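Novice: Just passing along the structure, written as structure tokens.
Taken together, the values in this text are just the output of simple stated rules run on the coordinates, not laboratory data. Keep in mind that what you see is a predicted model, and the values were worked out from it rather than measured. Note that each Cβ is placed from the backbone with ideal geometry, even for glycine, and that neighbours are counted across all protein chains shown.
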Amino acid sequence: MTKRKITVKTGSLEEAAEEFVNVWHQLEAGDIIKVAPVEKISFTDPRLLFKTLTARRWELLNYLHEQGKMSIRSLANALHRDYSNVHQDVKTLALLGLILKDEEDNKYHVPWEMIVTEFTLLTKANPCQDLSYKKHKAG
């Protein structure tokens with residue numbers, strides 16, 4: 001059985017569109033994709049990624065992955081966290097697709113065996129993201 005993997009990355013909308021178009025052209029040309037679907041979540045800049053995937057949310061993801069399906073209340077109790085904060089975290093992670101809800105029992109789970117993160121480092125030649133920082137000169 002293949003382990004399910006999702007990639008969380010930073011990149012521009014143009015890069016995401018280019019990936020999509022490349023796969024589209026492969027399919028139009030009759031190329032059969034023999035690997036599992038590539039599942040990705042892209043953020044336009046690292047700041048947004050870190051604001052969204054906080055340390056508490058990573059803790060929640062790991063715990064939910066280890067324990068299997070749980071309700072939000074059970075998850076909040078197990079993590080010793082306020083229900084409303086866990087509820088917000090679960091809804092955000094579900095909106096992203098990092099956790100899924102079973103509609104039959106209203107419990108959530110993490111379907112991924114692996115979550116990979118990729119960051120594009122900025123260069124002078126590729127300043128695709130504005131991080132609003134300033135360089136300070138010494139002396």
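Novice: Which one of LEU27, LEU60 is in contact (Cβ under 8 Å) with a residue 12 or more places away in the chain and part of a helix (DSSP H, G or I)?
Specialist: Details: LEU27 fails: in contact (Cβ under 8 Å) with a residue 12 or more places away in the chain.
None of the other options fit; the residue is LEU60.
Novice: Taking the options ASP89, ASP102, ASP82, name whichever one is among the acidic types (Asp, Glu) and touching a Phe, Trp or Tyr at 6+ places or on another chain (Cβ under 8 Å). Let's see the steps before the verdict.
Specialist: On the way: ASP89 fails: touching a Phe, Trp or Tyr at 6+ places or on another chain (Cβ under 8 Å); ASP82 fails: touching a Phe, Trp or Tyr at 6+ places or on another chain (Cβ under 8 Å).
Only one candidate qualifies: ASP102.
Novice: Scan region 76-87 and tell me whether some residue there is charged (D, E, K, R) and in a helix (DSSP H, G or I).
Specialist: Looking through region 76-87, none of the residues is charged (D, E, K, R) and in a helix (DSSP H, G or I).
Novice: Output the number of residues of region 88-112 satisfying the condition of being in a helix (DSSP H, G or I) and of a type in the set (Gly, Ala, Ser).
Specialist: Within region 88-112, residues that are in a helix (DSSP H, G or I) and of a type in the set (Gly, Ala, Ser) number 1.
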